[in-house]
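Written below as structure tokens is the structure these notes are about.
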Amino acid sequence: MDSKASDVPRLFYVHGSGHTGDSFSEQARAFAGSAAVSLPGHPAGVALDSVAQCADWLARRVEESGTRRAVVAGNSLGGAIALQWALDHPAQAAGIVLVGTGARLRVSPKIFEMIDNDWPACIGTLVDWSVGADAPAALRDRAESWHLAVGKETTRKDYAACDAFDVIERLPELPLPALIVVGSEDRMTPVKYSTFLHEHVTGSHLEVIPGAGHLVMAEQPAPVNAALASFIKPLT
């Protein structure tokens, strides 16, 4: 690694299935020097096949950024990638922020059926499941645009990567700072997933955002950003 790499951890954000880095735009604007990445195939390039491959890709991005250590915040699939990255690349990991995710992410067969047989009409349903009842129409429109840009095949591959993901047995390897954030109305990764993480990641802090859905960071950025600011302050 570059001997001139910075010792100050940089904050990276990783989006969820069928989404892009735009899902973390409110955080990228709020925290100077942070970066909301779009995974390969979202939409540029070719999508990767597994969470482990995505974690390795992220590790290369961190190294190329000129920082020795990073804090990675991830939503859903992105949270799985953050967990895998911290486990597989611990020398880089200053902390993780797990937003609407879990240590295991089994995907309902109904989601695969919808993608296979009812694309793009099913996008509206996927978005409905991803936001709270009071989410603004503009956010729904943005979320639909991410799916349309990313496309059917990559979205399906993302969900397949989630379905194969399971690091439950490795959670004891994670004695690092961890913030866990979830919307109280999250239908994709219910609060119990985040509670499990909190109970099994030593020293983690759990924030449940009332009324928010799966895209809590885009739906209610103010409380998410406040929790994130408190979390990263001692790390930077």
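The values are calculated or read from the model by the stated rules, or taken from the named source; none is laboratory data. Quick caveat: nothing in here was measured; it's all calculated off a predicted structure. We place every Cβ from the backbone using ideal geometry, glycine too, and count neighbours over all the protein chains shown.
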Worksheet item: Residues of the stretch 196-225 being among the hydroxyl-bearing types (Ser, Thr, Tyr) and touching a strand residue (DSSP E or B) at 6+ places or on another chain (Cβ under 7 Å), which ones?
Response: 204
Discussion item. Which count do you get for residues in the stretch 55-69 that are β-branched (Val, Ile, Thr) and at pLDDT below 95?
Written reply: 1
Practice prompt. Give the residue, chosen from 194, 184, that is closer than 30 Å to residue 236 by Cβ, among the hydroxyl-bearing types (Ser, Thr, Tyr) and buried (at least 19 other Cβ atoms within 10 Å of the Cβ).
Written response: 194
Worksheet entry | Residues of the stretch 9-32 classified as free of Cβ contacts under 8 Å to residues at least 40 places away in the same chain, in contact with a Gly (Cβ under 9 Å, 6 or more places away or on another chain) and of a type in the set (D, E, K, R), total | 0
Response to the item:
The condition of being in contact with a strand residue (DSSP E or B) (Cβ under 6 Å, 6 or more places away or on another chain), of a type in the set (A, V, I, L, M, F, W, C) and closer than 21 Å to residue 187 by Cβ holds, among 107, 131, 72, 99, only for 99
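Report the residue count in the stretch 205-219 for those that are surrounded by 19 or more Cβ atoms within 10 Å (Cβ to Cβ) and in contact (Cβ under 8 Å) with a residue 60 or more places away in the chain. Even if it seems obvious, please write down each step before you answer.
Filtering the stretch 205-219 for residues surrounded by 19 or more Cβ atoms within 10 Å (Cβ to Cβ) gives 207, 209, 212-219.
Pick out the ones that are also in contact (Cβ under 8 Å) with a residue 60 or more places away in the chain and you get 212-219.
Total meeting the criteria: 8.
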Worksheet, complete the sentence: Per the filter on the stretch 111-131, residues out of contact with any His (no Cβ under 8 Å at 6 or more places or on another chain), among the aromatic types (Phe, Trp, Tyr) and part of a loop (DSSP other than H, G, I, E, B) are 119
Practice prompt. Would you confirm whether any residue within the stretch 33-53 is within 11 Å of the chain's Cα centre (by Cα), crowded, with 18+ Cβ neighbours inside 10 Å and closer than 20 Å to residue 231 by Cβ?
Written response: yes
Discussion item. Take the residues in the stretch 97-131 that are surrounded by 17 or more Cβ atoms within 10 Å (Cβ to Cβ) and of a type in the set (S, T, N, Q); name whichever of them is farthest from the chain's Cα centre (by Cα).
Written reply: 130
Practice prompt. Identify the single condition in (1) surrounded by 20 or more Cβ atoms within 10 Å (Cβ to Cβ); (2) touching a strand residue (DSSP E or B) at 6+ places or on another chain (Cβ under 6 Å); (3) touching a residue at least 60 places away in the same chain (Cβ under 8 Å); (4) not hydroxyl-bearing (Ser, Thr, Tyr) that residue 150 does not satisfy, given that it satisfies every other one.
Written response: (2)
Item to complete: Assess whether residue 65 counts as being surrounded by 18 or more Cβ atoms within 10 Å (Cβ to Cβ) and either touching a Ser or Thr at 6+ places or on another chain (Cβ under 9 Å) or free of Cβ contacts under 8 Å to residues at least 40 places away in the same chain (or both).
Response: no
Item to complete: Grab the strands (runs of 3 or more DSSP E) fully contained in the stretch 1-110, keeping just those with 3 or more residues being within 22 Å of residue 196 (Cα to Cα).
Response: 70-75, 93-99
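Does at least one position in the stretch 83-96 carry a residue that is within 26 Å of residue 144 (Cβ to Cβ), at pLDDT 95 or above and crowded, with 22+ Cβ neighbours inside 10 Å?
No: the stretch 83-96 contains no residue that is within 26 Å of residue 144 (Cβ to Cβ), at pLDDT 95 or above and crowded, with 22+ Cβ neighbours inside 10 Å.
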